[in-house]
Amino acid sequence: MKESKRMFLHYISGIIILVTGFIHLIANNLPDIGTIIHESALYPVNLIMLLSALTYHMLNGVRVILIELIPGRCAAKAITWIMFLVGIALYIYGLQVFLNLFWPVE
Amino acid sequence: MSVDKEIEVRFKIFRFNPKIEFAPSWQEYKVKVNRSTTVLDALLKIKEEQDPTLAIRYSCRQAVCGSCGMMINDKQMLACFTRVLELGSDVIKVAPLKNYRIIKDLVTDFNELFQKEKQVKPYIIRHDLEELLSPTGTYKQTEDELLRYIQFADCIECGMCNSACPVSATDPLYLGPMILNRAYRFISDPRDLGFEQRLKVIDSEHGCWRCHFAASCSAVCPKGVDPAKAIQLLRRALVKKAILGISSSKKVELIPMEHIKGKLELPRGWR
Ligand code: SF4
Ligand code: SF4
Ligand code: FES
């Protein structure tokens with residue numbers, strides 16, 4: 001993927017974090033609206049979107065910092081791949097936590 | 001103060017010859033300066049009257065060639081464009097530009113910088129070779145189109161923006177503000193068709209996305225070029241291309257001109 005696409009996604013995921021994070025805060029802190037959100041499909045969908053955006057935004061941020069600090073073109077490629085694999089692992093782990101939370105296996 | 005009235009100022013100058021010395025040192029000189037003396041004048045006076053071994057690079061003496069950039073009182077400045085007394089300091093500290101290899105004393109090595117510049121093809125790229133070889137007209141350019149890039153074309157390649165850039169300091173592969181500004185200058189020129197050819201370098205891991213937009217580069221530019229703005233505009237062009245598929249290369253109209261008709265003699269090996 002081109003760097004411009006990666007960074008565009010970085011900005012978009014930043015906006016998604018703001019919106020979904022806000023909904024998450026409302027859901028957990030305002031009893032009236034919170035209960036409605038908790039009981040609808042919005043709550044799990046919002047959490048999964050927050051998880052996706054956070055994982056991408058956080059790991060891409062770390063990738064950018066590491067690329068700046070560790071010189072070398074090969075290093076940049078290796079860092080990108082490592083972050084990609086760490087991202088997949090974290091995402092699978094997060095999804096599994098949510099699945100257990102919302103649809104627990106009896 | 002009359003122009004002729006002279007004041008003695010102390011110069012603390014960075015000295016280092018990496019070929020024979022292990023570590024740099026600071027050497028002090030006293031120079032009499034008047035209201036019009038520039039830092040470059042003072043350095044040349046030191047070289048002529050006190051220490052001929054002092055190494056300096058300069059050429060035009062009028063802020064045009066971009067050779068005499070150095071750290072003056074810890075800030076990137078052109079020595080020929082900075083009057084000693086306007087610094088308002090009794091001691092003037094002069095050192096080579098940061099973020100470059102030192103050749104000797106105040107002379108830094110720009111070779112790596114110019115190698116990076118080659119990668120972004122800093123010239124107008126066109127595909128109508130026949131027209132270039134046998135011109136029949138001139139490419140139309142409106143005033144608005146000219147104003148879109150003229151500020152960025154004012155760069156004198158002094159390299160001071162790269163020296164002030166915090167990213168260039170940590171990432172030696174980062175293209176840096178000077179080169180990215182050069183790339184944008186040509187990309188935004190309506191006559192240029194080379195946007196796609198430059199993408200690989202400017203849209204890479206060490207290209208324009210590494211800029212933190214602190215704008216230290218624009219703050220030190222002696223020509224008001226604003227490379228930080230060029231980088232932001234470059235990013236806009238890249239996103240337009242990556243997300244919407246819109247290229248920054250435009251079609252330019254050719255205005256026929258009878259009197260310039262004729263065959264150009266190009267050097268051998270150009271075709
Ligand atoms: S704006 Fe970008 S290029 Fe300019 S100094 Fe800051 S990081 Fe470097
Ligand atoms: S942009 Fe300004 S500071 Fe940078 S090289 Fe050009 S003239 Fe010098
Ligand atoms: S000597 Fe040319 S810019 Fe200073």
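The values are calculated or read from the model by the stated rules, or taken from the named source; none is laboratory data. Remember, predicted model here, so these are calculated numbers, not experimental data. Note that we place each Cβ from the backbone using ideal geometry, even for glycine, and neighbour counts take in every protein chain shown. Note: accessible area is taken over every heavy atom of the protein model, side chains too, but ligands, DNA and RNA are not part of it. Shrake-Rupley method; radii C 1.70, N 1.55, O 1.52, S 1.80 Å.
Apply 1/(1 + (r/R0)^6) to the Cβ-Cβ distance of B:E145 and B:D109, taking R0 = 30 Å, and write down the FRET efficiency to the nearest 0.05. Don't jump to the answer; show the numbers that get you there.
Working: r = 37 Å, r/R0 = 1.22.
In this case the efficiency is close to 0.25.
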Row for the protein assembly as shown, column shape: gyration tensor on C-alpha, a ≥ b ≥ c, rounded if a/c < 1.5 i.e. under 1.5, prolate if a/b over b/c, else oblate; value oblate
Simple SL model, points at 7 angstrom along Cα→Cβ for A:L66 and A:I15; separation in nm is 2.8
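Two decimals is fine: what's Rg over Rh for region B:130-232, C-alpha atoms, Kirkwood radius as Rh?
Details: Rg = 15.1 Å, Rh = 14.6 Å.
Taking Rh as the inverse mean 1/r over Cα pairs, Rg/Rh reads 1.03.
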Reported to the nearest 10 Å², A:R63 has, with a 1.4 Å probe, an accessible area equal to 10
Chains B and A: accessible area buried, summed over both chains, 1.4 Å probe, nearest 100 Å², reads 1700
SASA check, B:S204, accessible area w/ 1.4 Å probe, all protein chains in place, rounded to nearest 10 Å², comes out at 30
In nm, the gap between the two label points placed 7 Å beyond Cα toward Cβ at A:L95 and B:K32 is 8.2
Nearest-0.05 FRET efficiency for B:K240 and B:R191 at R0 = 25 Å, using Cβ-Cβ distance, is 0.80
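Return one whole number: the accessible area per residue of the protein assembly as shown in Å², for a 1.4 Å probe. Kindly include the intermediate steps, with their values, before the conclusion.
On the way: 20840 Å² over 377 residues.
About 55 Å² of surface per residue is accessible.
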Restricting to Cα pairs under 8 Å and 6 or more apart, the percent relative contact order of region B:111-244 works out to 32
Expected unfolding gain across B:D154-B:R10 under the 0.36 nm per residue rule, minus the alpha-carbon gap, is 48.4 nm
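Compute the relative contact order of chain B as a whole-number percentage, counting only Cα pairs closer than 8 Å that sit 6 or more residues apart in sequence.
Values: 470 pairs, mean separation 48.7, N = 271.
Relative contact order, chain B: 18 percent.
Assuming R0 = 30 Å, what is the FRET efficiency of A:V105 and A:L25, from their Cβ-Cβ distance, to the nearest 0.05?
Working: r = 29 Å, r/R0 = 0.98.
The calculated FRET efficiency here is 0.55.
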The correct pair for chain B, radius of gyration to one decimal and Dmax as a whole number, both in Å and from Cα atoms, is 22.1, 65
So the angle from the long Cα axis of helix A:3-29 to the longest Cα principal axis of chain A, reported in degrees to the nearest 10, equals 20
Interface call, region A:60-76: threshold 10 Å², probe 1.4 Å, accessible heavy-atom surface of protein chains, chain by itself vs complex, result A:V64, A:I67, A:E68, A:L69, A:P71, A:G72, A:R73, A:A76
Expressed as a percent, the accessible surface of the protein assembly as shown that is carbon or sulfur, using a 1.4 Å probe and the full set of protein chains, is 61
So the angle from the long Cα axis of helix A:73-102 to the longest Cα principal axis of chain A, reported in degrees to the nearest 10, equals 10
Averaged over the residues of B:206-212, the number of partner chain Cβ atoms within 10 Å of each residue's own Cβ comes to 4
Taking the protein assembly as shown and a Cβ-Cβ threshold of 4.7 Å, the cysteines left without a partner are A:C74, B:C68, B:C80, B:C155, B:C158, B:C165, B:C208, B:C211, B:C221
Rounded to the nearest 10 degrees, the helix B:227-239 long axis (Cα) sits at an angle to the longest Cα principal axis of chain B of 30
Using eta = 0.692 mPa s and T = 37 °C, Stokes-Einstein with Kirkwood Rh from Cα pairs puts D for chain A, in µm² s⁻¹, at 213
For the pair B:C65 and B:K251, the simple spin-label estimate (label points 7 Å beyond Cα toward Cβ) gives in nm 4.5
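Tell me what chain B gives for mean residue ellipticity at 222 nm when only DSSP H runs of n ≥ 4 count, each as -39,500 (n - 2.57), the sum divided by the residue total, rounded to 500 deg cm²/dmol.
On the way: 10 runs with 81 residues, N = 271.
The helix-only estimate for chain B comes to -8000 deg cm²/dmol at 222 nm.
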